[in-house]
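Visitor: Could you have a look at this structure, given as structure tokens, before my questions?
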Amino acid sequence: MTVIALDFGGTRIKFGLVEHGQLLSADTITVPSSDSFAALLPIIEQHINHMLKVSVTPAIDSIGMAFPTIVDSDRMRLLYKYVKYNDANDIDLSAWAQKNWGAALVMENDARAALVGEWQHGAGKGTDNLVMVTIGTGVGSAALVNGRLLKGSHYLAGNLGGHQNIRFDGVRCNCGNMGCLESEASSWALPDILKRMTGYLKSPFAKGEKPDYEAVFRLAAAGNAFAIKVRDHSLEVWAAGILNLVYAYDPERVVIGGGVMHSADVILPFIQSKIDQAAWLPKGAVEVRAAIEPDWAGVLGMGYLGMVSK
Ligand SMILES: [Zn+2]
């Protein structure tokens, strides 16, 4: 069983040739500049064909595609746009996969794909009740309950952890709602979060320090009071959001991935202790772990979903 798995990100596309769960070859490209998703497809075709040409497996059974948006995984359609491409929702990608390679198409949301990758190959192994949270530019989430990926009536279930309401009187999020988890603590929102914090003008960030979480955690570890305030606010936001997901989906384990996990030594114990203190949960009932496959979980997940869909 051979699957070509693609994980579409905001700026990069990851390709993998997955055979019986093994990632045999992998490649990453920057999302090429083009006006439309239709114009992007021939470039993707070339990459897939090149990957097949240099592999020992000339034929594929299915194509798996993960997108950072809401995905109808029954009709294989995007329900909201993929980054800037409005036309991606209208393209029949199943027909495209069939025409080019005679392959079936499987599509899923990228956080669900990463959850499946961690469940089968990484930090989620050994449990069928799992929540995955990816904290990076935005915040993605997905839930596996009793071995089934939660999808819901509109394919939203578990996916909107980043847009759960953390503060009803908070600032406006890029989705239009107020006080979402992402607008309170994520990399895209961080420059504005810093500016809103009391003491910003005297902070290293007003003097040219890069406004990212690497700097926040580094300066906080060195004792900078402003960075400590920002770090602690973000940790509280993430812990509150993850506890909400734990109460909603009752997992045995929470796997956290994403760019901020270079500071896993601070983040994991903080969130674990918050969950351990939570009412309604016996102590030690939910284990918090770092993702093991932060780069390739989505590709491995689509490799698995492509395999079991046949
Ligand atoms: Zn939002």
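Visitor: Please pick out the residue among S62, S34 that is buried (at least 22 other Cβ atoms within 10 Å of the Cβ), in contact with a helix residue (DSSP H, G or I) (Cβ under 6 Å, 6 or more places away or on another chain) and among the hydroxyl-bearing types (S, T, Y).
Guide: Numbers: S34 fails: buried (at least 22 other Cβ atoms within 10 Å of the Cβ).
On inspection, the qualifying residue turns out to be S62.
Visitor: Right, A111: over 23 Å from H154 (Cβ atoms), buried (at least 24 other Cβ atoms within 10 Å of the Cβ) and touching a residue at least 40 places away in the same chain (Cβ under 8 Å) or not?
Guide: Details: over 23 Å from H154 (Cβ atoms): no; buried (at least 24 other Cβ atoms within 10 Å of the Cβ): yes; touching a residue at least 40 places away in the same chain (Cβ under 8 Å): yes.
Judged against the criteria, A111 is not a match.
Visitor: Condition test on N146, is it surrounded by fewer than 24 Cβ atoms within 10 Å (Cβ to Cβ), within 15 Å of the ligand (Cβ to nearest atom) and polar (S, T, N, Q)? If you could, list the steps in order and put the result at the bottom.
Guide: Values: surrounded by fewer than 24 Cβ atoms within 10 Å (Cβ to Cβ): yes; within 15 Å of the ligand (Cβ to nearest atom): no; polar (S, T, N, Q): yes.
Against the criterion (surrounded by fewer than 24 Cβ atoms within 10 Å (Cβ to Cβ), within 15 Å of the ligand (Cβ to nearest atom) and polar (S, T, N, Q)), N146 does not qualify.
Visitor: Also: Looking only at the stretch 207-240, count every residue that is over 20 Å from R167 (Cβ atoms) and either outside any helix (DSSP H, G or I) or hydroxyl-bearing (S, T, Y) (or both) and tell me the total.
Guide: Looking only at the stretch 207-240, we keep the residues that are over 20 Å from R167 (Cβ atoms), and these are 207-212, 214-215, 217-228.
From the residues that got through so far, the ones that are either outside any helix (DSSP H, G or I) or hydroxyl-bearing (S, T, Y) (or both) too are 208-212, 222-224.
Residues flagged as over 20 Å from R167 (Cβ atoms) and either outside any helix (DSSP H, G or I) or hydroxyl-bearing (S, T, Y) (or both) within the stretch 207-240 amount to 8.
Visitor: Take the residues in the stretch 245-263 that are part of a helix (DSSP H, G or I) and crowded, with 16+ Cβ neighbours inside 10 Å, then tell me which one is nearest to the chain's Cα centre (by Cα). Spell out the reasoning first.
Guide: To start, the set of residues in the stretch 245-263 that are part of a helix (DSSP H, G or I) comprises 245-249, 259-263.
Imposing the further condition that a residue be crowded, with 16+ Cβ neighbours inside 10 Å reduces the set to 245-246, 248-249, 259-261, 263.
Numbers: L245: 15, V246: 17, A248: 19, Y249: 18, G259: 10, V260: 12, M261: 13, S263: 17 Å.
The qualifying residue nearest to the chain's Cα centre (by Cα) is G259.
Visitor: Now a separate question. Inspect all residues belonging to the stretch 202-221 and state whether any of them is within 16 Å of the ligand (Cβ to nearest atom), surrounded by 14 or more Cβ atoms within 10 Å (Cβ to Cβ), at pLDDT 95 or above and not hydrophobic (A, V, I, L, M, F, W, C).
Guide: Looking only at the stretch 202-221, we keep the residues that are within 16 Å of the ligand (Cβ to nearest atom), and these are none.
No, the conditions are met nowhere in the stretch 202-221.
Visitor: In the set A215, A225, A239, A221, which member is farther than 20 Å from D265 by Cβ, out of contact with any Gly (no Cβ under 7 Å at 6 or more places or on another chain), assigned by TED's automatic domain parsing to the domain that holds G199 and not hydroxyl-bearing (S, T, Y)? Show your work before the answer.
Guide: On the way: A215 fails: farther than 20 Å from D265 by Cβ; A239 fails: farther than 20 Å from D265 by Cβ; A221 fails: farther than 20 Å from D265 by Cβ.
Residue meeting the stated conditions: A225.
Visitor: Output the number of the condition that L194 fails; it satisfies all remaining conditions of (1) more than 19 Å from the chain's Cα centre (by Cα); (2) among the aliphatic types (A, V, I, L, M); (3) not in a helix (DSSP H, G or I).
Guide: Going through the list (1) more than 19 Å from the chain's Cα centre (by Cα); (2) among the aliphatic types (A, V, I, L, M); (3) not in a helix (DSSP H, G or I), L194 breaks only (3).
Visitor: Follow-up. Out of everything in the stretch 160-179 that is part of a loop (DSSP other than H, G, I, E, B) and more than 9 Å from the ligand (Cβ to nearest atom), what residue ends up being nearest to R112 (Cα to Cα)?
Guide: Ranking the qualifying residues of the stretch 160-179, first place goes to I166.
Visitor: In the set L190, L194, L201, which member is without any contact (Cβ under 8 Å) to a residue 12 or more places away in the chain, out of contact with any Cys (no Cβ under 9 Å at 6 or more places or on another chain) and under 20 Å from H233 (Cα atoms)? Please lay out each step first, then the result.
Guide: Working: L190 fails: without any contact (Cβ under 8 Å) to a residue 12 or more places away in the chain; L194 fails: without any contact (Cβ under 8 Å) to a residue 12 or more places away in the chain.
Only one candidate passes the filter, namely L201.
The values are calculated or read from the model by the stated rules, or taken from the named source; none is laboratory data. Predicted model, so just to flag it, every value in this text is computed and none were measured. Every residue, glycine among them, receives a Cβ derived from its backbone with ideal geometry; neighbour counts consider all protein chains shown.
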